[in-house]
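Taken together, the values in this text are just the output of simple stated rules run on the coordinates, not laboratory data. Because the structure is predicted, anything quoted here is derived from the model rather than measured.
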Amino acid sequence: MRVTPPDIQQKRFHLALRGYVRAEVDEFLDLIREEMEDLIREVTELREFHHTYDERLRALQDKEDNLKNTMLMTQKLVEDLKDSARKEASLIVKNAEVDCQKTGNDALREKVKLDADIQNLKRQRHHFLQDMKKVIQMHLEMINYEETGEEVRDVSPAGS
């Protein structure tokens with residue numbers, strides 16, 4: 001059973017033959033009651049103070065948890081952004097390599113085509129020069145015939 005200040009104030013003792021001096025007992029009980037009231041008041045204040053600081057501590061811990069979560073989310077976001085940037089850079093490099101390879105292949109095909117065109121033009125030039133030589137030769141022989149009277153042998157241009 002808990003003793004309260006009113007319990008102390010209302011407590012009555014039985015008188016005995018050789019009992020205590022009543023005024024001293026009452027005075028001591030009043031002193032104990034007052035001291036107990038002060039202690040109860042102090043304990044109540046300390047509990048309120050403790051409760052207030054517990055609430056502040058919980059609020060600070062919540063803030064700390066929120067900050068930690070924010071930092072973790074920020075760190076994850078940064079890592080995700082880095083990964084995304086790496087992937088994008090890799091994709092850009094791969095696309096550039098593919099474009100470069102395609103350009104190289106296109107250039108090689110164009111070179112092969114141009115080489116074939118050059119060879120074709122060289123053949124055409126060769127045939128043209130051969131035909132031109134034959135025509136000139138024929139004209140020379142005709143001029144020679146006109147001058148000398150010798151008969152021209154049959155020289156016709158190639159391909160005609």
Percentage, to the nearest whole number, of Cα pairs in the range 42-108 over 17 Å apart: 70
Compare GLU110, GLU141, GLU64 in a GNM of the chain, Cα atoms joined below 10 Å, and give the one with the largest fluctuation. GLU141
Looking only at LYS133, LYS94, LYS76, which one moves most when the chain is put into a Gaussian network model with springs between Cα atoms under 10 Å? LYS133
Give me the extension gain from VAL3 to PHE28: residue separation times 0.36 nm, minus the current Cα-Cα distance, reported in nm with one decimal. 7.4 nm
So how tilted is helix 22-148 from the main axis of the chain? Cα-based, degrees 0 to 90, rounded to 10. 0
Gaussian network model of the chain, Cα within-10 Å springs - most flexible of THR148, THR70, THR103: THR148
